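The values are calculated or read from the model by the stated rules, or taken from the named source; none is laboratory data. Here the structure is a predicted model, which is why all the values come from computation and not from measurement. FYI the Cβ positions are ideal-geometry reconstructions off the backbone, even for glycines, and counts take in every protein chain you see. What goes into the accessible areas is simple: the full protein's heavy atoms, side chains included, and nothing from ligands, DNA or RNA. Shrake-Rupley method; radii C 1.70, N 1.55, O 1.52, S 1.80 Å.
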Amino acid sequence: MPYVRFIDRPTFRNPWAEFERIRQGLDELSRSYTEKSKGQGQANIYPALNIYEEAERLVVTAELPGVNAADLDLFIEGDTLTLQGKREQRQSGAGISYHRREIEAGGFSRAITLPTKVDAEHIGARLTNGILTITLMKASTVTPRQIQITAE
């Protein structure tokens, strides 16, 4: 009978240790995922837009608090409307120490695809109290027209 010395004995491996290691890894993954998305209840897209359609026009409204009209650029190319601009930082200086900073400053750009064709020659934009209202007239080929029927 061969003798097995205490040192030569194979180490005992717990068969459940690998499952425990995997469980801990999944816990860490889910914990980091929820921590990243905790402060992001809504999409972080700036500026927030509303688009609605009327009989002869399309209206886009955008919330742009703290943005001057001179700092905005509006482009239309095909069926894409692009809004670019910048918001200046209000308080700055060496003596300021922020406890919370949620109002972002700097440049932004937002491009949206319009749901219908518009007439690029008849576009109006107005910035009032931080709300930009863009009025786009529909193209004549898209605007419904009533056709009179004559009886003979």
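At a glance:
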quantity	calculated
Condition met for ALA125 (open to solvent by less than 70 Å² (accessible area, probe 1.4 Å), among the small types (Gly, Ala, Ser), in a strand (DSSP E or B) and over 20 Å from ASP71 (Cβ atoms))	no
Qualifying residue in the range 82-99 (condition: modelled with pLDDT of 90 or more, touching a Pro at 6+ places or on another chain (Cβ under 8 Å), within 17 Å of ALA48 (Cα to Cα) and not in a helix (DSSP H, G or I))	yes
Residue match in the range 86-105 (condition: among the charged types (D, E, K, R), touching a Ser or Thr at 6+ places or on another chain (Cβ under 9 Å) and open to solvent by 40 Å² or more (accessible area, probe 1.4 Å))	no
Sole exception among (1) open to solvent by less than 70 Å² (accessible area, probe 1.4 Å); (2) in a strand (DSSP E or B) for PRO47, by number	(2)
The range 128-152, residues that are of a type in the set (A, V, I, L, M, F, W, C) and open to solvent by 50 Å² or more (accessible area, probe 1.4 Å)	ILE131, MET137, VAL142, ILE147, ILE149, ALA151
Condition met for PHE108 (free of Cβ contacts under 8 Å to residues at least 12 places away in the same chain, part of a strand (DSSP E or B) and aromatic (Phe, Trp, Tyr))	no
Test result for TYR52, at pLDDT 90 or above, loosely packed, with under 11 Cβ neighbours inside 10 Å, among the hydroxyl-bearing types (Ser, Thr, Tyr) and farther than 15 Å from LEU127 by Cβ	yes
